Amino acid sequence: MVNLYIGNTDNDWFDFLASQLDVTEVNFWQPSEKAFHRIRPGELFAFRLKAPRNKVGGFGVLSSTSILPLQMAWETFGRSNGVSSYEALRSAIAKYRRNEIVGPTTNIGCRILVQPVFFPSASWLDLPASWSPNIVEGKGFSSDDPEGLDLWNRLQDTAQSLSAGAAVGFSETGARYGIPTLIAPRLGQGAFRIAVLEAYGRQCAVSDGKVLPALDAAHIRPYEEGGQHAKSNGLLLRKDIHSVFDAGYATIDTSYRFVVSNKVKEVFDNGEEYRRLHGKALRPPIRIADRPDPELLRWHNDNRFLA
């Protein structure tokens with residue numbers, strides 16, 4: 001069974017992103033820090049445009065959900081938050097949280113959507129018959145039910161008519177109206193960062209540090225050199241450890257141990273803070289599928305590590 005969700009969508013957010021070229025990921029934020037669990041990664045999140053439009057204007061594939069400080073949401077997604085600046089994002093949140101000071105550390109709910117499709121106005125869809133004007137946030141649908149299946153098919157048909165079908169994975173069904181299936185999200189840089197952050201429980205895989213602004217999602221094999229924005233190609237590392245790892249002064253072996261090169265001492269006559277971590281077992285993600293790919297670790301060992 002595959003589910004879909006229609007979320008009430010700010011018209012300004014939609015219009016801003018629809019006007020941008022080559023948007024590959026968006027942050028569908030909510031002003032509160034309420035968690036979102038209505039659909040799974042790989043299911044569709046559709047945009048219900050508010051009155052006077054009252055139409056479905058497009059959709060994206062859910063990659064992950066998170067609760068992020070405002071500053072981090074801006075640094076990670078920038079204009080893909082649906083606004084032109086950090087101050088515009090802060091002001092948009094402040095409109096809903098009138099009784100508090102909204103600033104960089106204010107937490108907001110984030111639904112990270114990849115492969116978004118924004119329909120032109122002539123292609124906007126009618127809402128399902130069961131949609132009520134009293135719905136505040138959104139409504140879920142199951143593709144096992146006729147209404148949910150109809151929504152899936154209409155989204156698919158419209159996306160394909162706009163040559164967007166391949167971008168969202170609908171073509172994988174092999175038919176115009178195929179059996180709804182989960183779509184493997186193609187992560188962008190921002191979605192990768194949040195997916196890795198959550199996979200590692202917001203804690204450095206080596207040092208166990210939990211200070212969020214100090215953590216980075218590191219690629220094992222760099223994206224520019226054929227690596228993918230995938231959790232199996234990611235490590236959550238403290239920023240200084242990330243830099244040392246990228247420079248080849250440290251690596252992770254295939255037994256998931258942190259290995260520090262003697263070059264740290266030879267080149268810098270320093271580095272004891274990293275040498276103390278030498279041999280430490282990695283804190284891997286709980287889900288086996290999210291753990292570092294041993295082949296990618298071998299690549300880093302062979303191509304980056306300064307033995």
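The values are calculated or read from the model by the stated rules, or taken from the named source; none is laboratory data. Everything numeric in this text was worked out from a predicted model, so none of it was measured. Quick reminder, even Gly has a Cβ in these numbers, built from the backbone with ideal geometry, and neighbours come from all protein chains shown.
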message = Which numbered condition in (1) within 23 Å of residue 126 (Cα to Cα); (2) at pLDDT 95 or above is the only one that residue 77 fails?
response = (1)
key: Residues of segment 183-236 that turn out to be crowded, with 21+ Cβ neighbours inside 10 Å, under 10 Å from the mean Cα position of the chain (by Cα) and assigned to a helix (DSSP H, G or I), as a count   = 8
remark   = Flagged in segment 12-52 as under 18 Å from residue 195 (Cβ atoms) and among the acidic types (Asp, Glu), in numbering order, are 25, 43
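Kindly indicate which of 274, 249 is touching a strand residue (DSSP E or B) at 6+ places or on another chain (Cβ under 6 Å) and in contact (Cβ under 8 Å) with a residue 24 or more places away in the chain.
Just one listed residue meets the conditions, 274.
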ask   = So, of the residues in segment 124-158 that are of a type in the set (Gly, Ala, Ser) and farther than 20 Å from residue 183 by Cβ, which turns out to be surrounded by the most Cβ atoms within 10 Å (Cβ to Cβ)?
value = 130
message = Just to be sure I understand the filter: pairs with C-beta atoms under 7 Å, separated by 6 or more residues or on different chains, first member in segment 83-112 and over 19 Å from residue 137 (Cβ atoms), second member of a type in the set (Asp, Glu) and modelled with pLDDT of 95 or more. Which pairs pass?
response = none
query = Does any residue in segment 126-141 that is in a strand (DSSP E or B) come within less than 6 Å, Cβ to Cβ, of a residue that is surrounded by 10 or more Cβ atoms within 10 Å (Cβ to Cβ) and aromatic (Phe, Trp, Tyr) six or more places away or on a different chain, and which pairs are these?
reply = 138/5; 140/5
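Among the basic types (Lys, Arg), outside the structural domain of residue 114 (by TED's automatic domain parsing) and closer than 29 Å to residue 24 by Cα - does that describe any residue in segment 246-259? Reasoning before the result, please.
At the first step, the residues of segment 246-259 found to be among the basic types (Lys, Arg) are 257.
Right, trim to outside the structural domain of residue 114 (by TED's automatic domain parsing) and you get 257.
Still in the list and also closer than 29 Å to residue 24 by Cα: none.
No: zero hits.
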query = If you take just the strands (runs of 3 or more DSSP E) that sit entirely in segment 1-49, which of them hold at least 3 residues that are without any contact (Cβ under 8 Å) to a residue 60 or more places away in the chain and either outside the structural domain of residue 148 (by TED's automatic domain parsing) or exposed (fewer than 15 other Cβ atoms within 10 Å of the Cβ) (or both)?
reply = none
key: Residues satisfying the stated conditions in segment 257-307, i.e. farther than 16 Å from residue 196 by Cα, basic (Lys, Arg) and part of a loop (DSSP other than H, G, I, E, B)   = 276, 280, 304
message = Go through segment 264-305 and report how many residues are closer than 14 Å to residue 247 by Cβ and surrounded by 15 or more Cβ atoms within 10 Å (Cβ to Cβ).
response = 6
